[in-house]
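Take a look at the structure set out below.
Bear in mind that the values in this text are calculations on the coordinates, not laboratory data. Here the structure is a predicted model, which means the values were calculated and not measured. All Cβ positions, even for glycine, are placed from backbone atoms using ideal geometry, and neighbour counts span all protein chains on display.
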Amino acid sequence: MTPRPASAPVPASRRQLLVGGAAALGGLVVSGAAAQPAAAVTRSGAPSLVHGPDHHHAWDPRAVRRWAADTWRSLVAMTDERTGLPADNITESLAAGDRSGYTSPTNIGGYLWSAVVARELGIITPGEATRRVRRTLSTLLRMEHHEPSGMYFNWYDETSGAVLTTWPDSGDPVQPFVSSVDSGWLGAALMVVREAVPGARRDADRLFSRMRWDVFYDPAGPRPGGLMHGGFYVTEPADTSGVTKGNHLGVGDDVWLTNHHYDTAVSETRITSYLGILTGQVPAKHWFASWRTFPATCDWSWHEMQPVGETRTYLGLDVYEGAYTYRGMHVVPGWGGSMFEELMPDVFVPEARWAPRSWGRNHPLHVRAQREHGLLEAKYGYWGFSPSSNPAGGYREYGVDALGLNPDGYCSDQESTNYDPGFGTCREATNPNPTFGDGVVTPHAAFLAMMHEPREAFANLSGIEKELGAYGRGGFFDAVAVRSGTIARRYLSLDQAMVMGAVGNVLCRDVIRKAFSTRAVEKRLRPVIGIEEFGAGVA
């Protein structure tokens with residue numbers, strides 16, 4: 001097999017470093033029975049089961065509001081009252097003493113947009129929302145950061161806002177790092193606040209306006225059009241084998257940039273690309289530099305399966321519009337096949353509407369593929385697969401292996417069952433029809449899917465709450481292994497914030513999308529993503 005290219009993505013910092021946090025606890029639950037299923041039609045036009053062979057729960061917006069109110073309770077419990085910074089995670093106790101002891105720009109951003117949704121749902125008053133947001137922004141304004149770019153480091157003490165230099169639980173050293181994707185989620189949140197919270201607009205604009213997205217942009221490669229670095233260190237790391245000293249801004253001291261770049265389109269990291277393009281700091285052609293799939297040729301036969309598609313040209317760049325074939329669908333894969341790779345940026349940008357021939361095809365097909373994997377292929381009875389707490393302890397990447405370029409997969413079960421359909425005539429299949437084990441579903445994945453399949457997602461979540469019992473005072477627990485009944489009994493602030501963002505769009509008329517995607521943003525971004533045609537569709 002051809003080795004994975006140097007430009008291929010590595011796991012985002014959220015997934016890398018959460019493993020260093022608190023461990024998840026397990027528990028047993030008892031399942032119950034419900035009524036017969038009802039048929040439904042997805043937005044892609046394909047018939048589907050709304051839940052599974054033994055369950056049916058009718059759409060109920062009041063239940064979704066209750067879920068959101070409980071989710072907000074967990075976010076409040078994670079947040080330090082003085083700094084307004086949310087901890088990365090907390091146990092089911094929701095006690096302040098059980099907070100993780102660290103936070104990140106992504107966590108902070110998630111809390112900010114969640115406050116907007118809580119206000120819109122009537123969970124908190126407009127005055128409380130403004131006070132909470134302003135407290136957080138005030139802390140951000142005094143926190144240490146990389147001044148030439150305006151970007152924040154990856155880990156802080158949520159009780160003081162100080163840069164984290166040692167892990168709270170182990171005492172191991174932490175070297176300050178600026179992550180492009182974590183910066184992206186904070187930037188997105190500041191844009192939302194700037195439009196949606198008038199009383200905090202000035203501070204949000206001050207913070208966002210100083211952010212330089214071109215600090216991550218590498219115009220020289222390794223793909224035509226240029227890619228985003230994973231991030232950079234401001235001081236030389238102990239191991240310099242994966243970094244290069246440089247400076248894309250031309251001001252300030254040189255930094256140590258990661259040699260890895262984010263190079264797949266179906267990735268949560270595209271939010272950083274959007275911000276660079278919409279601010280005019282990164283050229284539009286950058287959007288077409290990333291892979292839709294890797295090539296279909298035998299010298300690339302290491303990736304999951306042989307794609308189908310054709311090459312099209314946009315803004316002078318040739319793009320192979322490849323797609324994977326799964327259960328009668330052509331789907332453009334992510335690196336791991338997880339829901340948040342596909343849909344988290346869609347919380348902010350109305351991708352399906354602005355890009356109907358690309359995201360407008362892929363989003364509903366990805367959701368349908370995840371649902372069919374859980375219900376029909378693996379027969380878990382539930383669905384929604386995304387990186388989350390591991391019910392057995394720690395943190396792990398979950399996904400649908402067939403929807404990811406990674407040949408080792410983000411697997412959907414605890415056994416890491418690998419799907420291998422081969423690569424045409426280049427590589428023989430080793431496991432084209434696997435038998436799956438103890439599947440792990442992640443509620444935040446189903447909430448993201450609610451933006452495209454609201455009734456199917458609601459029925460799925462109702463079953464997770466009522467039959468699997470994966471629910472506490474702070475809303476849905478982070479993950480549950482469906483066959484053993486083992487639950488990851490903790491709450492992660494980012495995953496809870498994804499729940500809030502998706503609910504805000506579903507119940508509050510796209511409140512997060514409208515705040516982010518202003519007319520100025522649409523003018524810059526829609527013409528870029530709107531011209532593309534993915535290879536996604538019915539096989």
**OP:** Please label the shape of the chain as rounded, prolate or oblate, based on the square roots a ≥ b ≥ c of the eigenvalues of the alpha-carbon gyration tensor (a/c under 1.5 means rounded; beyond that, a/b larger than b/c means prolate, else oblate).
**Re:** rounded
Original post:
Over the Cα atoms of the stretch 412-539, what is the Rg over Rh ratio if Rh follows Kirkwood?
Top reply: 1.07
Original post:
Counting Lys and Arg as +1 and Asp and Glu as -1, each charge on the Cβ, what is the dipole of the chain about the Cα centre in debye, to the nearest 20?
Top reply: 1920
Subject >> the stretch 326-373 shape via C-alpha gyration tensor axes, a/c threshold 1.5 >> reply: oblate
Subject >> Cut-off 13 Å between beta-carbons: net charge of the residues surrounding Q370, Lys and Arg +1, Asp and Glu -1 >> reply: -4
**OP:** Would you mind classifying the stretch 118-248 by shape? Square roots of the alpha carbon gyration tensor eigenvalues, ordered a ≥ b ≥ c; an a/c under 1.5 is rounded, otherwise it is prolate if a/b is larger than b/c and oblate if not.
**Re:** oblate
**OP:** Report the semi-axes of the equivalent ellipsoid for the stretch 185-280 in whole Å, largest first, where each axis is √(5λ) for an eigenvalue λ of the Cα gyration tensor.
**Re:** 27, 16, 12
**OP:** May I ask you to list the lysines whose Cα is less than 18 Å away from that of K514, ignoring any residue fewer than eight positions away on the same chain?
**Re:** K523
**OP:** Please figure out what share of the DSSP beta bridges in the stretch 228-350 is antiparallel and state it in percent, rounded to the nearest 5.
**Re:** 95
Original post:
Can you pull the Rg over Rh of the stretch 349-422, Cα-only, Kirkwood?
Top reply: 1.03
Original post:
What percent do you get for the relative contact order of the stretch 330-465 when only Cα pairs under 8 Å and 6+ apart count?
Top reply: 26
**OP:** Take every Cα pair under 8 Å in the stretch 256-337 that's 6+ residues apart, average their separations, divide by the length, and report that relative contact order as a whole percent.
**Re:** 28
**OP:** Pairs of Cα atoms under 8 Å, at least six residues apart: use those to get the relative contact order of the chain, whole percent.
**Re:** 21
Subject >> Those Cys residues of the chain for which no other cysteine Cβ falls under 4.7 Å >> reply: C411, C508
Original post:
Okay, helix-only estimate at 222 nm for the chain: each DSSP H run of n ≥ 4 adds -39500 (n - 2.57), divide by all residues, round to 500 deg cm²/dmol; what do you get?
Top reply: -9500 deg cm²/dmol
